[in-house]
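**Q** Below is the structure I would like to discuss, written out as C-alpha cells.
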Amino acid sequence: MMVVVFDLDDTLYKEIDYLRSAYRYIAAQLAGDDAEREEIFGTLYGAYKEGRDAFATLMECYNNKGVTKETLLHWYRTHKPQISLTDGCEGFLSVLVAKGCHLGIITDGRTVTQLNKIEALGLHSLIADEDIVISERFGSEKPSPENYLYFMNKYGADARYYYIADNTAKDFIAPNRLGWTTVCLKDNGQNIHKQKFSLSDEFLPKYTVEEFGGSLFELLKL
Ligand SMILES: [Mg+2]
C-alpha cells in the first residue's frame, strides 16, 4: 500500500496566488468602484513586492475608511480564495488515485484558512477530511512527528509513505526520521518561503523534483 501525503502551501498550489486573491477580496470590500478597487489592490501588492507592510501601507493611504488591521487580517484569513492547483498536479493526483494510493495532507495553519484553500482547489473529492492534518485543529505543527505518525497509526507499518513538500526548514525532518520517502518540489521562483539546501542531511529531502510529472512518477515507481 502506498500513502502519499502532501504539504499544501507552495506545494499543491502557489501561496502567492492566495496572497493576490486575498488582496483582491480586501480591495473589493473597501472600494466604491472598479477604479478604486484596482488602486487598493495596487497599493497592497505594490507594498508587498517592495517588502513593506502591506496592511500598514493601506491604512496610511486610506485612513479615512476606518478599517483596522484586525479586520484586514480577518478578511485575509477567512475569504474564499480563487486559487488553482500547481501545474501538472491535477493529472498527477488522478494517476495516484487510479493506482489505488491513499492521499493525505499535512499542513500548518489555521483550520478555516486551510480548509477554504482545499475546497477552492477541489481536493475534498480526492482526499478524505480525516486524512487532512491541519496544525490548528490537530494540536501540533511541523516538525512534530505526531502529524506524520497519525498516518502510520492509521495505515500501518507495512505501507510505503511519501511526503511531497517544499519547505526545507521544517517539512522533511520528521518524515526522514520515520523512514518516509521525502520529495521536495523545487521553487519555480514564486515561493513565499525561499528554499535552502545548505542544511544538514536530516533536514534535506531524499529527492528533489522540478514539477509534478515525469521524474516524480519514476521515483514513486508508478
Ligand atoms: Mg509549504
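The values are calculated or read from the model by the stated rules, or taken from the named source; none is laboratory data. The structure displayed is predicted, hence computed values, not measured ones. Reconstructed Cβ throughout: ideal geometry from the backbone, glycine too, with neighbour counts over all protein chains shown.
**Q** Is one or more of the residues making up segment 132-151 free of Cβ contacts under 8 Å to residues at least 24 places away in the same chain, among the charged types (D, E, K, R) and farther than 20 Å from Leu219 by Cα?
**A** Within segment 132-151 (the criterion being free of Cβ contacts under 8 Å to residues at least 24 places away in the same chain, among the charged types (D, E, K, R) and farther than 20 Å from Leu219 by Cα), the answer is yes, since at least one residue qualifies.
**Q** Consider only pairs whose beta carbons are under 6 Å apart and that are at least six residues apart or on different chains; among these, list those whose first residue lies in segment 46-73 and is within 20 Å of Thr113 (Cβ to Cβ) and whose second residue is in a helix (DSSP H, G or I) and of a type in the set (D, E, K, R).
**A** That search, which allows pairs on different chains as well, returns Phe55/Lys69.
**Q** Same structure, new question: Taking Lys196 as the residue in question, decide whether it is surrounded by 15 or more Cβ atoms within 10 Å (Cβ to Cβ), touching a residue at least 12 places away in the same chain (Cβ under 8 Å) and of a type in the set (Lys, Arg).
**A** Taking the combined requirement at face value, the residue does not satisfy it.
**Q** Let me ask you something else. Out of the residues in segment 71-116 meeting the condition of being small (Gly, Ala, Ser) and more than 12 Å from the chain's Cα centre (by Cα), tell me which one is nearest to the ligand (Cβ to nearest atom).
**A** Checked segment 71-116; the qualifying residue nearest to the ligand (Cβ to nearest atom) is Gly104.
**Q** Can you pull out the residues in segment 164-174 that are under 13 Å from the mean Cα position of the chain (by Cα) and within 24 Å of Met1 (Cβ to Cβ)?
**A** Listed by number, the residues that qualify are Ile164, Ala165, Asp171.
**Q** Suppose the filter is within 15 Å of the ligand (Cβ to nearest atom), over 17 Å from Lys142 (Cα atoms) and not hydrophobic (A, V, I, L, M, F, W, C); does Gln195 pass it?
**A** No.
**Q** Another question, if that's okay. Within segment 163-192, work out how many residues are surrounded by fewer than 19 Cβ atoms within 10 Å (Cβ to Cβ) and closer than 21 Å to Gly88 by Cα.
**A** 8
**Q** For the structure I just gave you, tell me whether Lys99 is surrounded by fewer than 14 Cβ atoms within 10 Å (Cβ to Cβ) and outside the structural domain of Val209 (by TED's automatic domain parsing).
**A** No.
**Q** With the condition kept exactly as written, say whether any residue in segment 16-31 is farther than 30 Å from Thr181 by Cβ and within 16 Å of the ligand (Cβ to nearest atom).
**A** Yes, some residue in segment 16-31 is farther than 30 Å from Thr181 by Cβ and within 16 Å of the ligand (Cβ to nearest atom).
**Q** May I pose another question? How many residues, within segment 44-70, are hydroxyl-bearing (Ser, Thr, Tyr) and under 25 Å from the mean Cα position of the chain (by Cα)?
**A** 2
**Q** Now for a different question. Could you tell me whether Gly189 is free of Cβ contacts under 8 Å to residues at least 40 places away in the same chain and closer than 17 Å to Leu220 by Cα?
**A** no
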